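Have a look at the structure below, then the notes.
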Amino acid sequence: MNHNPQAREMELMALKALSYADDHMSESFEMKDVSDYLGISYSYFYHSFTTITGEPYWQYVKRHRLEVSAGLLRHSGYNISEIGDMTGYATVAAYTKAFTQYFHKSPRSFRKIDTLPNEKRTLELVNHIVHTFAKQGSLITPLFSFERTESDHLPESTLFYTLLSRGQDPVAQMIMKMNREQARMREIIQTHQLINAKVITSTLDSVPVTDYERMSMYAGILIPTKDITPALLQTIQFERLMQKRMPGGHYITLPVPTDFATAGIPMYEFIDRYIKEGVFKMSGTHFFISMIGPNESVIYIPHFRQLI
């Protein structure tokens with residue numbers, strides 16, 4: 001973390017801009033809307049964001065939308081037209097053109113790819129980091145079996161979160177910072193008596209479409225929207241947390257007796273394996289791990305429909 005106050009303010013501004021883009025995925029907006037939201041000038045926002053992230057803002061927006069759409073093509077049950085609409089494209093033609101230019105494959109062709117080009121590398125990197133940092137050893141594979149899953153329905157909720165990484169080692173940064181952030185989130189829950197809240201972690205990005213080095217890992221509190229109060233919002237503002245709308249709906253859940261880090265790799269392999277086998281499809285890319293205790297987690301996978 002940068003300890004220079006001005007640099008830290010600029011970094012927070014950039015992270016809020018990332019959050020805005022993610023939370024307005026399907027909506028049309030201009031850069032001035034974002035600079036107004038941040039309370040800064042258009043020119044300052046334009047130049048500062050690029051300086052901090054190394055990527056122009058609108059380039060990030062386009063990349064993020066296309067990568068999320070690629071994740072939906074890979075794992076969801078939506079058709080190409082629906083995915084284009086969900087990620088901010090007014091027509092199928094506009095979506096197909098943008099997607100093909102970025103990935104050098106049409107959405108239809110991309111959907112048929114069995115293993116993505118960077119998939120093996122991403123999983124190997126994360127697996128190495130997890131084995132370096134994680135408290136537990138390898139999990140027993142049968143824990144990640146569809147037969148152990150349960151079903152849950154979550155109401156429309158809001159995620160209040162902090163990004164734990166922006167740099168070369170997102171998963172390592174997440175693991176190193178998680179204890180502190182978990183404590184901060186649980187204190188907020190206790191102070192405001194949020195009995196239905198969950199402390200969760202995941203990524204804003206689409207794994208493994210997004211390059212490993214660009215993934216944005218987060219820790220946050222998932223709160224039913226109906227439970228949000230003015231007093232809580234004051235705390236959120238004081239704690240400088242970002243927010244993301246999380247749709248309600250059906251989830252496949254899988255309880256595992258492990259810390260969040262150890263659950264990550266087999267979680268992705270679990271999702272990918274059973275989707276390829278046609279057992280289920282996802283309704284979005286917003287899967288997450290609910291951190292119950294030091295060695296107790298529950299995986300939540302947004303569920304599109306049951307196929308068996």
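Scanning the stretch 196-224 for residues that are under 15 Å from residue 286 (Cβ atoms) and among the polar types (S, T, N, Q) yields 201, 202, 203, 206, 210, 216. Could you look through the stretch 76-92, keep only residues that are assigned to a loop (DSSP other than H, G, I, E, B) and within 20 Å of the chain's Cα centre (by Cα), and pick out the one that is farthest from residue 64 (Cα to Cα)? Among residues in the stretch 76-92 that are assigned to a loop (DSSP other than H, G, I, E, B) and within 20 Å of the chain's Cα centre (by Cα), the one farthest from residue 64 (Cα to Cα) is 77.
Among the residues here, residue 233 does not qualify as at pLDDT 90 or above and crowded, with 18+ Cβ neighbours inside 10 Å.
Applying a threshold of 6 Å to beta carbon distances and a minimum spacing of six or more residues, or different chains, the list of pairs starting in the stretch 258-273 at a residue that is in contact (Cβ under 8 Å) with a residue 24 or more places away in the chain and ending at one that is among the charged types (D, E, K, R) reads 259/135.
When you go through (1) buried (at least 22 other Cβ atoms within 10 Å of the Cβ); (2) closer than 16 Å to residue 123 by Cβ; (3) touching a helix residue (DSSP H, G or I) at 6+ places or on another chain (Cβ under 7 Å) one by one for residue 203, which number turns out not to apply? Among (1) buried (at least 22 other Cβ atoms within 10 Å of the Cβ); (2) closer than 16 Å to residue 123 by Cβ; (3) touching a helix residue (DSSP H, G or I) at 6+ places or on another chain (Cβ under 7 Å), the lone unmet condition for residue 203 is (3). What do you reckon, is residue 240 over 26 Å from residue 183 (Cβ atoms), among the basic types (Lys, Arg) and not assigned by TED's automatic domain parsing to the domain that holds residue 105? No, not satisfied.
Filtered by the rule that a residue be in contact with a Pro (Cβ under 7 Å, 6 or more places away or on another chain) and under 14 Å from residue 163 (Cβ atoms), the stretch 217-243 gives a lone residue, 217. Here the strands (runs of 3 or more DSSP E) wholly within the stretch 257-308 that include at least 3 residues being buried (at least 18 other Cβ atoms within 10 Å of the Cβ) and among the aliphatic types (A, V, I, L, M) are 296-306. Identify all residues within the stretch 1-60 that are hydrophobic (A, V, I, L, M, F, W, C), touching an Asp or Glu at 6+ places or on another chain (Cβ under 9 Å) and either in a helix (DSSP H, G or I) or within 30 Å of residue 82 (Cα to Cα) (or both); write none if there are none. Within the stretch 1-60, 49, 52 meet the criteria.
The values are calculated or read from the model by the stated rules, or taken from the named source; none is laboratory data. Note that the coordinates shown come from a computational prediction; the quantities given were computed from them, not determined experimentally. Positions of Cβ are backbone-derived with ideal geometry, glycine not excepted, and every protein chain shown enters the neighbour counts.
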